[in-house]
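Trainee: Take a look at this one; I'll ask things after.
The values are calculated or read from the model by the stated rules, or taken from the named source; none is laboratory data. This structure is a prediction, so every number in the text was calculated from the model and none was measured. With ideal geometry, Cβ positions are generated from the backbone for all residues, glycine too; neighbour counts draw on all protein chains shown.
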Amino acid sequence: MVKSRKAANGAYPRSWLSGAPPPRWVRVLPVLLLVGVGAASLTDSVPLDIGFLLGAVPPLAVLAYGPWATALLGAVTIALLTIPVFHLNQPGDTDLFTLGFVATLSVFVSFVRGRRDEQLDLERTVAETAQRAIVPDVRRRVGPVRCASLYRAAERGTLVGGDFFDVGPGPHGVRAVLGDVQGHGLSAVATVASVMGAFREAVLDDEDPESIAARLDRRLVVDSARTEHAELFATAVLLDFAPHGREVRVLACGHPPPVLLRGGAVSTLELDPGPPLGLGLADVVPGTVATVPLRPGDRLLLASDGVLEARDASGAFYPFVERLAGMTGVGLDELPHEIWADLSRFAPRIQDDVTLLILTVDTSGPG
């Protein structure tokens, strides 16, 4: 879940056919058709039987113009057919009535399209605001922790799916989470909202990662009980940064462990993971919290299944750690996009949410 949010957190840029403004060539096309037919008719003294082409002008105008501009283009079209100097084969009354009807109908369709576009824009704005409230952009700095993130939703046109992540300050330090709920796309949004709300409360109240995991687990268990056969669960990694910035406590709940970038070396943290959240086992069979010493410049990289389980055309998994070894010199802010570009080249068809969260402690700046 990180401007499109494809340029930022996950929404793919809208195409013309998905509600984006029409490209310039669509706006120019009806005008070019008018000018082209008019110019062709003036350059030849023999009447040309090309007036039928003008029948396409009003429908084309509907794609890019409002009702007034569509009406104007329709009127110019009729004028071209009736002005003798253009020699457009002297159309009969039936031709003119037909073109007039098409132009009038195009004006009506343009009016309806404009109203529908306004309503869709309003609904899209409301939806994007709600989705950004669920998984907002992570700040570039939270206390002593510098952050970089990227999110690509599997379902096009959405800003949030089944992945979640956040970095928040609290009275007990800076806490971070990255996880993946069951399923993806819009069907998982309600679960993501519930988990994120529980995590933000836990940052303020709970003193250790185990307590945070137990709170998230209970939240999912309660939500699952409301719906028969819901079976809600999530995997997650929780990080708890020490106030002095020299170590971080890490707890994995059914999720792959973070990767540590230290200088030119890349290694996966060795953790004793606990069960996924939502099974009611966080208090019964908790995972073991690992304390990881941090050196200046160390970076912790958390990734979702969309990265770790991406496959190429042959079915081979994306070699995440091996590929990171060639990116250790990339800056913090550029690294998520470098990974995404490399992943896109490796696996052209990515069918799961892709989330990356990179964290490093920097005590030199304001915290």
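Trainee: Give the residues of segment 200-225 that are farther than 21 Å from V284 by Cβ and in contact with a strand residue (DSSP E or B) (Cβ under 9 Å, 6 or more places away or on another chain), sorted by residue number.
Mentor: Selection gives R200, V203, L204, D205.
Trainee: Restricting to segment 342-367, give me the number of residues that are surrounded by fewer than 22 Cβ atoms within 10 Å (Cβ to Cβ) and more than 15 Å from D312 (Cβ to Cβ).
Mentor: Final tally of qualifying residues: 7.
Trainee: Could you identify the single residue in R200, R215 that is surrounded by fewer than 23 Cβ atoms within 10 Å (Cβ to Cβ) and in contact with a helix residue (DSSP H, G or I) (Cβ under 8 Å, 6 or more places away or on another chain)?
Mentor: Unique residue meeting the criteria: R215.
Trainee: Just checking, does segment 204-226 include any residue being part of a loop (DSSP other than H, G, I, E, B), over 17 Å from A176 (Cβ atoms) and not small (G, A, S)?
Mentor: Yes, some residue in segment 204-226 is part of a loop (DSSP other than H, G, I, E, B), over 17 Å from A176 (Cβ atoms) and not small (G, A, S).
Trainee: On the given criteria, is P273 in contact with a strand residue (DSSP E or B) (Cβ under 6 Å, 6 or more places away or on another chain), at pLDDT 90 or above and surrounded by 15 or more Cβ atoms within 10 Å (Cβ to Cβ)?
Mentor: no
Trainee: Here are some conditions: (1) surrounded by 19 or more Cβ atoms within 10 Å (Cβ to Cβ); (2) modelled with pLDDT under 85. L48 meets all but one. Which one does it not meet?
Mentor: (1)
Trainee: Sticking with this one: Hey, does segment 246-265 have a residue that's buried (at least 18 other Cβ atoms within 10 Å of the Cβ), modelled with pLDDT under 85 and of a type in the set (A, V, I, L, M)?
Mentor: Checked segment 246-265: no residue is buried (at least 18 other Cβ atoms within 10 Å of the Cβ), modelled with pLDDT under 85 and of a type in the set (A, V, I, L, M).
Trainee: Taking L332, is it in contact with a Leu (Cβ under 7 Å, 6 or more places away or on another chain), within 15 Å of R299 (Cβ to Cβ) and among the aliphatic types (A, V, I, L, M)?
Mentor: No.
Trainee: Among the listed residues L279, L220, L232, identify the single one that is in contact with an Asp or Glu (Cβ under 9 Å, 6 or more places away or on another chain), closer than 28 Å to E128 by Cβ and modelled with pLDDT under 90.
Mentor: Within the list L279, L220, L232, the selection yields L232.
Trainee: While we're here: Need the failing condition index for R200 against (1) closer than 26 Å to P136 by Cβ; (2) among the basic types (K, R); (3) at pLDDT below 90, just the number.
Mentor: With (1) closer than 26 Å to P136 by Cβ; (2) among the basic types (K, R); (3) at pLDDT below 90 applied to R200, the lone miss is (3).
Trainee: Looking at segment 57-77, I want the residues that are in the same structural domain as A103 (by TED's automatic domain parsing) and have a partner that is not in a helix (DSSP H, G or I) with Cβ atoms under 8 Å, at least 6 apart or on another chain. Which pairs are those?
Mentor: Correct list of pairs: L63/P22; A64/P22; L73/Y65.
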